[in-house]
1. If R₀ is 30 angstrom, what is the calculated FRET efficiency for the pair residue 212 and residue 79, using the beta carbon separation as r and rounding to 0.05?
2. Residues of region 237-255 with backbone nitrogen within less than 15 Å of a virtual label 7 Å along the Cα-to-Cβ line of residue 301, please, listed as ranges.
3. Would you order 252, 34, 110, 28 from fewest to most other beta-carbon atoms within 10 Å of each residue's own beta-carbon?
4. Rounded to the nearest 0.05, what FRET efficiency is calculated for residue 177 and residue 103 with R0 set to 30 Å and r the Cβ-Cβ distance?
5. Could you name the aspartates and glutamates whose alpha carbon sits less than 18 Å from that of residue 347, not counting residues in the same chain fewer than 8 places away?
6. List the lysines whose Cα lies under 27 Å from the Cα of residue 285, skipping any in the same chain that are fewer than 8 positions away.
7. With the cut-off at 1.5 for a/c, could you classify region 117-235 from its C-alpha gyration tensor as rounded, prolate or oblate?
8. Most exposed first by the Cβ proxy, i.e. fewest other Cβ within 10 Å, how do 43, 222, 103 rank?
Amino acid sequence: MKQSKEARKMPGVKRLHQESENSSKAEFIFGHMFGGIGVLIGDPSKKLFCLPLSIRLHDGVNMIRNWRKKQNNYECEGSHIVQIINDAFQAAKCMGESLVLLDGYYLSIFALMKRAELLEKSETMLHLLTKAKKSCRAYTKPGEYKGKGRPRKKGETIKLQDLFTSRKSEFVEATVRLYGKEETVRYLCLNLLWGQKLYQELRFVLVMYGEKTAILVTTKLDLDPVNIIELYSFRFKIECTFRELKQVMNGFGYQFWSKAMPKLRRYAKKGMIHPLEEMEDEKEKELILSALKAIEGFVMCSCIAMGMLQMLSLTFSTKINESPVRFLRTKSNPIVSEATVAYYLRKTTFSLFSKTSRLCISRIMKKKQSDPFFDEDLKAS
């Protein structure tokens, strides 16, 4: 998630490139880039939510985090690809064996190497499922070693996009549930080696859906191809989470900055020394770290609030749909959205508090209402 921020004294703000093909968006912006990890909850036949587990700044803050590393041996972060794998592994420690759905951008040697490194240190199993580019090349397994020279690490090079035409007759037809609808697709499943000088075995699933084609990849070599296709369609749920965070929760509407932060250089050239590198005052560093912590804390609190809305939606949708609080012309889904739950709570919260007078928050509100100073302020307002 790339959020535009024009503040010149806000930590983590940097020049970012937007890959969107929408002409209404600028190609380059100044702002923050967040990375998030969530877990799928709900019923695939009704509605699924991506419950956010972790969300934080993934770019432009490595130098600031290095200060914390020097203070209390904090582990310095790498690229945002490595950070996503780290976050996913921390979540997998709590939930057990996990499968992470990632965008095609995350099929990289760095991601696979980081995963292998983390698996060596822990018994937690983490699998990746992502999408490959159309220009992706893979390798067959090397032939039998005959004892002459160094053993080969790879076999023949295969351009995967060419297989859609050269091996079209080998594609298998199947019915898969995609985005809530039963669709017919054709696929070809192959286990091949991938990665220059890495040559790790991965499972590739080539999918033909109408006139569209896609190449899906996973590290779980025994995963059923139909499940791979269906699971990857759920990856879009994290985009829906970012949208609701922005539009319903205003989770990116923070305005935290610090006077100690050096002014952002909008036209800085490559090779120029960053102002943060010249900072030596420990108090100023603490102020900047506090601003960074406030930004991430604000967004994370919004994630917690939205997670509560999602769980309320899955649990009490029947009651909310029966209530005439919000006018909906057609109830297209038995599970209501986060926006509907938020609207319902705004309209019924105070009546619920009045019915549950034993709650601590209800007592505090009643005490405030009976306070004479509060009454005078209320009349004045």
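1. 0.50
2. 249-255
3. The most exposed by this proxy come first: 28, 110, 252, 34.
4. 0.90
5. Answer for residue 347, where 18 Å is the Cα cut-off: 322, 338, listed by chain and number.
6. Straight-distance partners of residue 285: 2, 5, 9, 14, 69, 70, 259, 263, 269, 270, 293.
7. Here region 117-235 falls in the oblate category.
8. Neighbour counts put them in this order, fewest first: 222, 43, 103.
Readers should treat all values here as calculations from the given coordinates under stated rules, not as data from a laboratory. Since the model is a prediction, treat every value here as computed from it, not as a measurement. Cβ: placed from backbone, ideal geometry, glycine included. Neighbour counts: every protein chain shown.
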